[in-house]
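Below you'll find the structure, written out as structure tokens, and then a few comments.
The values are calculated or read from the model by the stated rules, or taken from the named source; none is laboratory data. Source: prediction; values computed, not measured. As a convention, Cβ positions derive from the backbone with ideal geometry for all residues, glycine included, and neighbour counts pool all protein chains shown. These area figures cover heavy atoms from the full protein model, side chains too; ligands, DNA and RNA do not enter into them. Shrake-Rupley method; radii C 1.70, N 1.55, O 1.52, S 1.80 Å.
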Amino acid sequence: MPLALLALAVGAFGIGTTEFVMMGLLPDVAVDLRVSIPTAGHLVSAYALGVVIGAPLLAAVTARLSRRTVLIALMALFVFGNALSALAPDEHWLLAARFLSGLPHGAFFGVGAVVATNMVAPERKARSVSLMFLGLTVANVAGVPAATLVGQHLGWRAAFLGVSVIGLAAIGSLALLLPRDHAHGGVQGGGLRGELAALRSLPVWLALGTTIAGFGALFSAYSYIAPMLTEAAGYAEANVTLLLALFGVGATAGNLVGGRLADHSMRGTLFGGLSALVAVLGLFPLLMESAWSAALAVTLLGTAAFATGSPLQLMVMEKASTAPSLASSANQAAFNLANAGGAWLGGLTLAAGFGVTSPAVAGAGLAVLG
């Protein structure tokens, strides 16, 4: 595999770290800025909103630029947003900075996926995308815990400055390792209108819907994994971080295996991954009855869900072959819509009194839909 994929993985590592680290630092941020935890929670939503808006918009308006230039510029915006987060004087500035940090997220993965597939033979496309996504999954194993630890000991601002340094390393890697390319045009008609026209396809929207359903199933359960582990499986709160690292290990393994299998059969990998996700989520109430099986469930959840990540990305790109960058970026927006929608659905089951493991069962239903 080309060494240039390492540069994309470094960028993905930084993005994955900044996306999830806020969840671990919320109490520290709330105390420092003198706001409530629910108010601080809006910082998570602001980032997700930035992803949803920025993913298709930035991919479309940069359609005629060199992809190498676009990726470097997106990482520069990422560095600026995280540095601004570290320097934010109050919650309003931090809210704006988190939104700004989210803007390049989806477009980076979207354009990066196109670059990754263009650097390898056709039979290795899914594997190349999975190697870029490796940075995202490893961030959950190493980046997020490390940044959280830094934030707890040196202050949350130091954590965001650290993420900015990762972004600078990504910029250097992209500049050094990515081959120079020429400006590329979108579909006929050019510009934003031409790029959007390429999405007027039912198969593209069905593919995006599969992403929303499949990863909505994941986040329906994962959003409430902490209370499942403490209330159902009997773990102490101090052990939850370690168990979430197991999720990251499973996600990393699933991502690599899914990419390899998808190069042989993309549709078969998707059906297999979604079927495994249905099974794991459906068995969650039983698996959460003991400590060892709960740990296994968390690991298998990451494996099953992320086995579908690269094939879903590749499927959307193939369905919109005339605008792969925009479609690929739109798929990243779909991931974040899945995050919000899955958490909302899981919350409904809890509010209805169906039990602490009910979000997983609801997620299994979404995975069937996917």
Fill in: trypsin sites (Lys or Arg not before Pro) within the stretch 6-114: DSSP coil, no more than 15 neighbouring Cβ in 10 Å
R34, R64
Worksheet item: Hey, if you put +1 on the Cβ of every Lys and Arg and -1 on every Asp and Glu Cβ in the chain, which of H92, F215, L168 ends up farthest toward the positive end of that dipole?
Response: L168
Response to the item:
Along principal axes, largest first, the alpha-carbon spread of the chain in whole Å comes out as 56, 49, 34
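So if we plug the beta-carbon distance of V257 and E123 into 1/(1 + (r/R0)^6) with R0 = 22 Å, what FRET efficiency do we get, rounded to 0.05?
Working: r = 16 Å, r/R0 = 0.75.
That pair, V257 with E123, gives E of 0.85.
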Fill in: Y235 long-range amide H proximity, modeled H, under 5 Å
T230
Worksheet, complete the sentence: With all protein chains present, the chain has a carbon and sulfur share of its accessible area (1.4 Å probe) in percent of 69 percent
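Rounded, prolate or oblate: which fits the stretch 231-309 when a ≥ b ≥ c are the square roots of the eigenvalues of the alpha-carbon gyration tensor, with rounded for a/c under 1.5 and prolate only if a/b beats b/c? Show your work: numbers first, answer last.
Details: a/c = 4.18, a/b = 1.90, b/c = 2.20.
It is oblate, given that a/c is not under 1.5 and a/b is not larger than b/c.
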